[in-house]
Structure formats: structure tokens, C-alpha cells
Amino acid sequence: MNILLIGSGGREHALAWAIARSSLTTRLFAAPGNAGIAAEATCIDLDTGDSAAVIAFCKAEDIGLVVVGPEAPLVAGLVDALTQAGIRAFGPSRAAAALEGSKGFTKDLCARADIPTAAYGRFRDASSARAYVEAQGAPIVVKADGLAAGKGVVVAETLEQALEAVDACFDGAYGDAGAEVVIEEFLEGEEASLFVLSDGTTGLALATAQDHKRVGDGDTGPNTGGMGAYSPAPVMAEDLTAQAMREIVGPTIATLAAEGTPFKGVLYAGLMITATGPKLIEYNVRFGDPECQVLMMRLKDDIVALMLASVDGTLDKMSVRWRDDVALTVVLAASGYPGAYDKGSEIRGLKALENDPDVMVFHAGTRAEDGRVLANGGRVLNVTALGATVAQAQARAYAAVDAIDWPQGFCRRDIGWRAVARERGED
């Protein structure tokens, strides 16, 4: 079938790479795509915020499946419009996408379904929120309720930081996303991510991953969209994954179905592994970025077949296999990120990495111009490698990073450090 992929980042390049290798794919289109995706798909200039334009394109090109990569079109209801037009689309409805679109929605669902999560409060005005913070004390977590491009969460170590975060939300730092604020108990433990396919009733666990949100080595500096990731997550042993499915993801899928908003697509559960077991930090309603890149490198089965089973309600007949290898990705970002950064600098040395079977460079923020690859975003490349161990995957990824000639970029040099220490018996 012909497939349309919505998005332009590293996640979408990884999806395009996997979809292009499916025996079910005839032609792959991407809107808008990027310089890397162009090697796998026909990139098109399409206003993905205009559902009527997307539907018209799908009908003109006989599109059999639309894969929506980023969260914004999902929260805006693109899948609803496509489904109403009789076009299969991978991803949740607008109502189900509220799991990511509203942190308060998810916390209230956890309360109804008795899902383990941090204690919380929801607030629509600064004075009530500030009073709650002062009563609870620090450390405490302050979150803008809506979509804030990964930047609306502050883990406040002091009361002053927490009150500043509350004021920032209500003063418009995150636009409409901060019109409501969720304030949560600070959880102690190690974070991990669990990815699960759902067809509305059945949940099929995919794989685990861990990412690095802070911009600097040693997990220092401001939060970002993610500076690197690896899969599987050593902290997520099989018994913990089963417990998370049983106590967190399963009840979520069942509750949404019972309430008339079945979730179809991929659920990305952000978990804190505490002394008393996994607790839910948040849900995303799409593949993580850069976690998707390491998952696609390890996936042995056909991603399109799995997506179609999610859409068609047949996941109970599916299983999924993974390579035993570890995959690790390092994000190369433009100098200045996550603050202000320049665009347009040339990236050289990518061709020399194309023939290495254990390395894949996914493009996150690039554009092609006159045969050159130019930086076109904050997070620009995801240099991804396979290895028998985390240490080996890490070494291969950084060797590839060092082969890329891009003086205007930078990366963390310690992606996977916690897992490498665990392998060495230091943890």
C-alpha cells in the first residue's frame, strides 16, 4: 500500500527507515520530511494542520495508511478527520490523545483507575497553586498542563524555584499550555520508558528505553527534548515490565475503553522505578524522540504490520521480536540549544558512515540544498549504533559522532553512563 508519514524529526526518519523496509509498503510519502527522510520517502509540501488538505492528498495518491509521528496533530484531531473520511490512520483520536494533551486529564484518570502515580493537585490560578506549593514544600514538580514541546516541566529543588515555575506558567511562558498547572509530589528513583501498542482493547508491550533529558554531561543544565537514549533499559527487568503492564498500562487502556474513548496507537509510559515499584510520571501518545530511533534499530518484525493491527483491532493475534543487541543514540545539537541557535551551517562526513551496518544517522533537523546537508533545527542528528553491550554500542556511536565534520554542533559525551556503570558492576 501507499503510506503517508506526518512529521519532520529524527523520530520520523527512524519510522520512515523502518516503514520503507516493510514488504507492505509500495510508496512512502512524508510531509514535510527532512534531508534524511528524503532518502527513504518522497517528501511533499503539505499543510499537515489542514485536515482537508491531508485527506485530499490521501485520496489523490491512494494512501492506505497515514502514520502520524508528532503529538500536536494527534491532539488536534487529525486521526479523527482521517477516520471519518474512511482513511486508516495510526494514532489515537483527539479524545484519547488527551493523555498527552492534558497532564491533569491523565492524573485524574490515574485517580479513577487506582494507577500508581505521584500525589498531585490541579490549579487554574497562581494564588491557589502557590498556596499548595508552600503547604507541600520542596522538592516538588511543577508542570504546565498542556503541550509545551517538552519544556513545561520544572523539578524544583527549592520553594523559590517552585514558586517561580508557577508564576512562569501563569505569566504565559508556555502560552495556552500553562493556563492550568499540575503540581506533583517529587518521586525518588530511576526513570525508564515503556512503549506499548494498543488497538483499543489489547496492549502489546514493545520495548523499554532510557533517555537523557538534561543538556550537559552528568545530567546537568536545563531540560531538552532529549540528548540521547538507549534500549533496552537495564532497570526494567521482565518482572517490572509485567508489573507496569498490569498496574499502569492495562488499567489505562481498559478505563479509556470503558469510558468510550478507546486508545489506538502507541502509548509511551514515562515511569519512575521507586522502592515500591513502577509509578507513572506521564504518558505520551506517540513514539518518543529520540527513543524511537533506538527502538527501530532493534525491531525485527514489520512495523507496518504492527501498526495495521493497532488500527484494525487485531493486536491479540500479534507478537513482536527484538534484536538482543543494545541500541544507543547520541543527539548532535546546534550550539546554543536548548536556547537560541543558528541554522544553515553545513554538515560534512555523513556519506562515509552509510556503509556501516551497525550505525545509522537519523536526521532530526536538516535540509538539503545544492547537494549539501544543512542544519535546520536545535536537535539536528541522531547518531545511532548497535552493540552486544551498552558500552560497545556507546563506543560505536561516539566513533561515528567523531567522524562527522560539523564544528557548529555539540553533544553529550556520556550517553548511557548509568547503564555502562551497571555493566561494570559499579552500580
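The values are calculated or read from the model by the stated rules, or taken from the named source; none is laboratory data. Keep in mind that what you see is a predicted model, and the values were worked out from it rather than measured. For neighbour counting, all protein chains shown are included, and Cβ atoms are generated from backbone atoms with ideal geometry for every residue, glycine included. Quick note on the areas: whole protein, heavy atoms, side chains included, nothing else; ligands and nucleic acids left out. Shrake-Rupley method; radii C 1.70, N 1.55, O 1.52, S 1.80 Å.
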Requested in this report: Return the inverse of the average 1/r over all pairs of distinct C-alpha atoms in the range 221-380, which is the Kirkwood hydrodynamic radius, in Å to one decimal.
Outcome: 18.5
**Report entry** Dipole magnitude (debye, nearest 20) for the range 15-123, charges at Cβ of Lys, Arg, Asp, Glu
**Finding:** 320
Query raised in the report: Where the Cα atoms of the range 137-272 are projected onto their three principal axes, how long is each span, largest first, in whole Å?
Result: 43, 37, 25
Query raised in the report: Across all directions of projection, what mean area in square nanometres is found for the Cα convex hull of the range 239-308?
Result: 5.8
Query - Equivalent ellipsoid semi-axes, the range 316-423, via Cα gyration tensor eigenvalues times 5, rooted, Å - result: 27, 17, 14
Report summary line: Summed over the other residues with a beta carbon less than 14 angstrom from that of Gly409, with K and R at +1 and D and E at -1, the charge totals +1
Report summary line: Per the helix-only model, the chain has a calculated mean residue ellipticity at 222 nm (DSSP H runs of ≥4, -39500 (n - 2.57) each, divided over all residues, rounded to the nearest 500) of -8500 deg cm²/dmol
Query - Accessible area in square angstrom per residue, the range 8-136, 1.4 angstrom probe - result: 41
Query - Solvent exposure of the range 225-346 as accessible area per residue, Å², 1.4 Å probe - result: 35
Report summary line: Placing one equal point scatterer on each C-alpha of the range 136-213 and summing with Debye, one gets log10 I(q)/I(0) at q = 0.11, 0.12, 0.15, 0.21 Å⁻¹ equal to -0.40, -0.46, -0.66, -0.94
Query raised in the report: If you average 1/r over all unlike Cα pairs in the range 18-75 and invert the result, what Kirkwood radius do you get in angstrom?
Result: 12.2
**Report entry** Principal axis box of the range 92-180, alpha-carbon based, largest edge first, Å
**Finding:** 38, 29, 20
Report task. Could you grab the relative contact order for the range 202-287? Cα pairs under 8 Å, six or more apart, rounded to a whole percent. Result -> 20
Query raised in the report: Rounded to the nearest whole Å², what accessible area per residue is found for the range 348-418 with the 1.4 Å probe?
Result: 44
Query raised in the report: Once the mean 1/r over all distinct Cα pairs of the range 221-266 is inverted, what Kirkwood radius in angstroms do you read off?
Result: 13.3
Report summary line: Label model pair Glu346, Ala52: point-to-point distance (7 angstrom along the Cα→beta-carbon line) in nm is 4.4
Query - Farthest positive-ward along the chain dipole, Cα basis, beta-carbon charges - from Pro222, Thr274, Asn34 - result: Asn34
Report summary line: Over its alpha-carbon atoms, the range 1-133 yields an Rg and a Dmax in Å of 18.4, 58
Report task. Using the Cα centre as the reference, give the magnitude of the dipole from point charges on the C-beta atoms of the range 344-427 (Lys, Arg: +1; Asp, Glu: -1; all else neutral), rounded to the nearest 20 debye. Result -> 200
Report task. Can you list which of the GluC sites (Glu not before Pro) found in the range 219-298 are DSSP loop residues with at most 15 other C-beta atoms within 10 Å? Result -> Glu259
Query raised in the report: Using a probe of 1.4 angstrom, how much of the accessible area of the chain is carbon and sulfur, in percent?
Result: 48
Query raised in the report: So, in Å, what gap is there between the alpha-carbon centers of the range 28-44 and the range 263-328?
Result: 23
Report summary line: Quick note, the range 176-248: a/c under 1.5 would make it rounded; otherwise a/b > b/c is prolate and the rest oblate (a ≥ b ≥ c, C-alpha gyration tensor); here it is oblate
Query raised in the report: When the dipole is taken about the Cα centre of the chain, and only Lys, Arg (+1) and Asp, Glu (-1) are charged at their Cβ, what size is it in debye, to the nearest 20?
Result: 700
